[in-house]
Amino acid sequence: MTTENDEKEMSSVVRALIWDGICSIGDSATPDSMADYVIRKFDPEGKLSPLMAHAAWNGARKLAVEEMAWQESEAGTAEARNGLSARAARLSLETAVLRARMEAQLATDQFSGDANSKM
């Protein structure tokens with residue numbers, strides 16, 4: 001049984017993977033491609049049951065829609081508010097992605113450590 005804290009940690013990891021995918025794929029990234037990216041990272045051998053894989057894909061897609069909407073609104077407001085160029089706005093987004101990756105790695109390490117200690 002997962003706790004609310006476990007769900008928040010997993011959400012953080014998935015969001016970081018989405019940002020990783022957005023940076024890797026670039027402007028052609030879509031919510032569907034981000035969900036595919038997350039599933040490939042979590043289940044590279046395809047060992048999840050079809051039902052679990054579908055549920056995980058839907059959850060990742062929902063988070064990708066949220067993150068991609070945030071990315072578009074943040075880039076637009078940052079540029080309008082501060083007069084930033086598109087390049088500077090992209091740099092600030094990439095900095096946020098790096099920060100999210102570090103937080104996700106810490107959360108993953110902690111989550112793995114907690115899971116190993118329970119066994």
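Between Ala53 and Lys41, the modelled label-to-label distance comes to 1.9 nm, taking each label 7 Å out from Cα in the direction of the beta carbon.
Suppose each label sits 7 Å from its Cα in the direction of the beta carbon; what would the Arg99-Ile25 distance come out to in nanometres? Those two pseudo-labels are separated by 2.4 nm. Ordered by the number of other Cβ atoms lying within 10 Å of each residue's own Cβ, fewest first, Lys41, Lys8 fall into the sequence Lys8, Lys41.
Rule-based calculations on the coordinates, nothing more; no lab input. Everything numeric in this text was worked out from a predicted model, so none of it was measured. Every residue, glycine as well, gets a Cβ built from its backbone with ideal geometry; the counts of neighbours run over all protein chains shown.
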